[in-house]
Amino acid sequence: MKFLKKVVIILIILLILAGLAITSIAIRDGYTMYKYAIQQTSLSDKVESIKQKDNYTRMDELPKIYVDAVLAVEDHRFYQHGAIDIISIGRAVAKDLQEMSFVEGGSTITQQLAKNMYFTQEKKITRKIAEVFMALEIEKAYPNKEEILELYLNTSYFGDGYYTVKEASRGYFDKEPIDMTEYESIMLAGIPNAPSVYAPTKNPELAKQRQRQVADAMVKYGYISQEEIDKIIEEKK
């Protein structure tokens, strides 16, 4: 029995060491990916190229309810945490372990901006680590959180070839962002999660389902009351 216990302990130690070794390699490779990306194009050059877009959309061109909807569904603690959100990461890890799959990333808006600017959408651990390093770089260089949010909204893909809020609002609703209704604002906020699925021109019913998820998040995190959101959704029917 003692021999068996020793074997189990040794196996556990070996597994821990193997895990640490794999983690160290992933961190090293992620850092290398981050350094290579930023050496190819500096962060300031990337930001400048984004701001030079013809349809770049400023925060003062957006309805408040749209911004609230984005924050609620993407990163409701955006103004409370730094480049990464430990609470969100912990929740995502628990979910991934439960599902035994990499189904939830726990990315902050800053991490998503890093991904949009430099990396692919592929869910790989090395890319996620590179994304963290880049997010830290972004928040160091751009401490104004509103500027980060504005850049994020101008690098998100909304489906149908639309890469800014202005392009999407014009394309889907034939109006400027500031003129979007509350209903349209909430719908648009949900599209970047899966543009090919939630684009209203592709799957109107799925777009409405996603809109409802965004609405529920807004209520959950105190951006709007249940009565107000129900009125917005019902008025469109």
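Quick notes on this one:
- Counting 0.36 nm for each residue step from Glu234 to Ala141 and taking away their Cα separation leaves a gain of 29.1 nm.
- Dipole axis of segment 55-236 (+1 Lys, Arg; -1 Asp, Glu on Cβ), positive-most option in Ile229, Met117, Met59: Met117
- Two-site label geometry, Leu15 and Glu176: point separation in nm, points 7 Å out along Cα→Cβ: 6.1
- What the phi angles of segment 73-86 give under the Karplus curve with 6.51, -1.76 and 1.60, with θ = phi - 60°, is a coupling list of 8, 9, 5, 5, 9, 3, 7, 9, 10, x, 5, 10, 10, 4 Hz, glycine and proline written as x.
- Extension reserve of the Ile87-Met59 stretch, reckoned as 0.36 nm per residue once the Cα distance is removed: 7.4 nm
- Vicinal HN-Hα couplings computed from phi for segment 142-150 (Karplus, 6.51 cos²θ - 1.76 cosθ + 1.60; Hz; Gly/Pro x): 10, x, 6, 4, 5, 5, 5, 4, 4
- The alpha carbon radius of gyration of segment 55-236, expressed as a multiple of 2.2 N^0.38 Å, is 1.01.
- Order of Val165, Val67, Val214 - criterion: other Cβ atoms within 10 Å of each residue's Cβ, fewest first: Val67, Val214, Val165
- Pairs from Lys115/Lys202; Lys128/Lys220; Lys64/Lys115; Lys53/Lys231; Lys166/Lys231 whose Cα-Cα separation, in the structure shown, is over 30 Å: Lys53/Lys231
- Proxy reagent accessibility, fewest Cβ within 10 Å first, across Ser185, Ser24: Ser24, Ser185
- Cα→Cβ-extended label distance, 7 Å offset, between Gln226 and Ile22, nm: 4.3
- Each Lys and Arg Cβ is given +1 and each Asp and Glu Cβ -1; about its Cα centre, segment 55-236 then shows a dipole of about 600 debye.
- Cα centroid of segment 135-189 to Cα centroid of segment 111-132, whole Å: 19
- Semi-axes of the equivalent ellipsoid of segment 132-237 are 25, 18, 13 Å, computed as sqrt(5λ) over the eigenvalues of the C-alpha gyration tensor in descending order.
- What the phi angles of segment 193-208 give under the Karplus curve with 6.51, -1.76 and 1.60, with θ = phi - 60°, is a coupling list of 4, 7, x, 5, 9, 9, 4, x, 6, 9, 9, x, 5, 5, 4, 5 Hz, glycine and proline written as x.
- For a straight C-alpha distance cut-off of 15 angstrom, the aspartates and glutamates reachable from Lys51 (same-chain residues fewer than eight places away being disregarded) are Asp60, Glu61, Glu146, Glu147, Glu150, Glu167.
Any read-out appearing in this document is the output of simple, stated calculations on the displayed coordinates, not a laboratory observation. Everything numeric here is computed off the predicted structure, so don't read it as measured data. As a convention, Cβ positions derive from the backbone with ideal geometry for all residues, glycine included, and neighbour counts pool all protein chains shown.
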